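Have a look at the structure below before the remarks.
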């Protein structure tokens, strides 16, 4: 019996949500990546669009910034850009990140 393979893994969710933006000191160009260098200027977390299901079964969506990650419970703390509201999002309840469909089970 064929098994259904997931389209995304936990590490791929991490690469989509935990990005930084900074200004390169040598060229002055704005750069996006996972780990900013130690001497980087104007370091900020990069916002992303997310659509997920809450613990009560309600579909939520919006542009958020990842603040903190709990890798053992597969949860991340996000802040909504428009309202400033802070919430915990479970990785296994994420539907879509920046237009990329996520299946984590």
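Values for this structure:
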{"quantity": "Cα-derived Rg to Rh of the stretch 10-101, Kirkwood definition", "calculated": "1.01"}
{"quantity": "Alpha-carbon centroids, the stretch 45-71 and the stretch 13-43: separation in whole Å", "calculated": "21 Å"}
{"quantity": "Residues 69, 78, sorted so that the one with the fewest Cβ neighbours within 10 Å comes first", "calculated": "69, 78"}
{"quantity": "Among 58, 13, 50, residue whose mean-square fluctuation peaks in a GNM of the chain (springs only between Cα atoms under 10 Å)", "calculated": "58"}
{"quantity": "For the chain, built as a Gaussian network whose Cα springs stay under 10 Å, the top-fluctuating residue of 12, 61, 21", "calculated": "12"}
{"quantity": "Where only alpha carbons of the stretch 25-66 are counted, the Rg and the Dmax (Å)", "calculated": "15.6, 48"}
{"quantity": "Proxy reagent accessibility, fewest Cβ within 10 Å first, across 56, 44", "calculated": "56, 44"}
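Bear in mind that the values in this text are calculations on the coordinates, not laboratory data. Note that the coordinates shown come from a computational prediction; the quantities given were computed from them, not determined experimentally. Here Cβ is always computed from backbone atoms with ideal geometry, including for glycine, and neighbour counts include all displayed protein chains.
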